[in-house]
1. Roughly how big is the chain's charge dipole about its Cα centre, with Cβ charges of +1 (Lys, Arg) and -1 (Asp, Glu), in debye to the nearest 20?
2. When a/c reaches 1.5 or more, the comparison of a/b and b/c decides; with that in mind, is segment 102-218 rounded, prolate or oblate per its Cα gyration tensor?
3. Can you find, among 237, 317, 256, the residue sitting farthest towards the positive end of the charge dipole of the chain, where Lys and Arg contribute +1 and Asp and Glu -1 at Cβ?
4. Compute the semi-axes of the equivalent ellipsoid of segment 226-319, taking the square root of 5 times each eigenvalue of the Cα gyration tensor, and list them largest first in whole Å.
5. In µm²/s, what is D for segment 32-114 at 37 °C and 0.692 mPa s, where D = kT/(6 pi eta Rh) by Stokes-Einstein and Rh is the Kirkwood radius from Cα pairs?
6. Using 0.36 nm per residue of separation minus the Cα-Cα distance, give me the extension gain between residue 282 and residue 27 in nm, one decimal.
7. Starting with the fewest neighbours, write out 18, 368, 1 ranked by other beta-carbon atoms found within 10 Å of each beta-carbon.
8. Just the number, please: percent antiparallel of the DSSP beta bridges in segment 66-300, rounded to the nearest 5.
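Laboratory data are not the source of any read-out in this text; all were calculated from the coordinates shown. These numbers were taken from a predicted model, which means no experiment stands behind them. Ideal geometry is used to build each Cβ from the backbone, glycine not excepted, and the neighbour counts take in all protein chains shown.
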Amino acid sequence: MPLDSLTQQPPDGLLALMSQYAADPRRTKLDLGVGVYRTEAGATPVMAAVKLAEQRLVDIQGSKSYLGPEGDVEFVRALQPVVFGAALTAELGGRLTGLQTVGGTGALRLAADLIAAASPGHRLWLGTPSWPNHAPVFAGGGLHVRPYRQFDAATQRFDLEATLVALNQAATGDVVLLHGCCHNPTGADPTAAQWDQIIEVVVQRGLVPLIDIAYQGLGQDLESDAWALRRIVARVPQALVAYSCDKNFGLYRERVGALFVVAARAAGAEAALSHLAAHARASYSMPADHGAAVVRTILADATLRAQWSDELRGMAARIASIRNGLSALGQVGLVDLTPLSQQRGLFALLPLAPNVIERLRVEHGVYMAGNGRINIAGLAQSAVARFGDALAAAQTAAAA
Ligand SMILES: Cc1ncc(COP(=O)(O)O)c(C=O)c1O
């Protein structure tokens with residue numbers, strides 16, 4: 001195989017930004033790039049509930065023998081009521097199944113593999129802007145990605161009209177990717193009334209929702225953040241849910257996720273699971289154990305679970321308070337920060353020209369993704385005003 005015929009791939013923009021940030025000697029620098037939660041002090045610590053669960057696992061785990069391509073089935077079972085709620089989980093019964101995956105990304109890729117196995121080159125509607133890895137993961141899994149605009153950059157609001165126009169063009173059986181909560185990169189989720197309009201089109205046109213939920217509990221709370229997902233799943237015969245525990249358990253590098261399948265009948269769910277297990281087996285055999293064992297341990301123990309949800313509530317509260325601080329800055333140059341208090345989760349997408357983003361980095365040590373996405377949690381309360389000043393100064397300098 002002629003390896004030397006391969007051309008160099010472009011470096012990942014965010015990873016390159018991380019290296020530039022690390023090399024910047026300025027003490028006042030701000031890292032608003034990579035999408036991880038940070039404390040006021042700028043740390044991304046291991047959650048206390050996770051530490052305790054890890055200690056417990058060290059004490060009681062008696063074997064590290066293989067589990068199988070479905071991973072930790074108790075983890076998957078324990079997660080179901082967290083995601084779907086106890087009532088809907090019971091109602092779905094055998095129509096609901098799932099398996100442990102290599103993070104939320106692995107869940108999305110297995111979802112693509114499953115859809116492509118049933119229908120090669122199947123069409124998936126993807127509202128843009130979206131998480132930059134969505135399109136490559138789906139295309140890599142053999143799907144035909146059909147992008148449509150779902151965000152109005154000028155007003156920084158979710159664009160319901162454009163979404164409904166696009167979904168009304170979809171054919172029966174087309175898959176539509178929906179962010180369950182805390183939209184990445186915009187933070188702009190549909191309102192409850194807007195969700196109902198989207199769901200109506202999904203139901204009317206017989207579309208298959210693929211719900212990506214990677215931030216449950218980091219928006220408002222565990223229940224509110226799953227509201228849309230549950231409302232959709234309750235209305236449709238078939239759905240796929242790609243779940244990540246990497247953010248809400250702070251387990252990023254442990255790569256913990258699950259893919260859930262809701263089928264029209266229990267036999268369909270079983271068949272889908274057998275395909276997913278076969279795909280997992282053929283690509284990575286089985287997922288790593290540790291992170292899922294930690295999540296299972298936390299969910300199975302009332303004290304650890306309460307501690308975890310308290311910590312998660314604290315994280316969501318910090319994000320909301322930074323959002324409110326930014327929103328209170330109002331109009332900064334050409335950027336209206338007011339909508340940020342209405343948005344949810346780690347991210348906001350600021351309508352900034354590339355030369356302003358560059359000036360923010362070079363002249364002010366403010367690092368953000370090249371599309372203007374900022375990680376809200378990268379800001380301490382004390383840095384909000386400084387960020388606003390830098391944002392104003394960079395725009396003025398760029399316009400001069
Ligand atoms: C919207 C969205 N989906 C999925 C993922 C993947 O998460 P994981 O790290 O668990 O693969 C991310 C991670 O940034 C994300 O933002």
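1. 120
2. Oblate, since a/c reaches 1.5 and b/c is not below a/b.
3. Of the listed residues, the answer is 317.
4. 27, 20, 12
5. 205
6. Details: separation 255, 0.36 × 255 = 91.80 nm, distance 4.76 nm.
Extra length available between residue 282 and residue 27 comes to 87.0 nm.
7. Working: 18 15, 368 24, 1 5.
Lowest count first: 1, 18, 368.
8. 45
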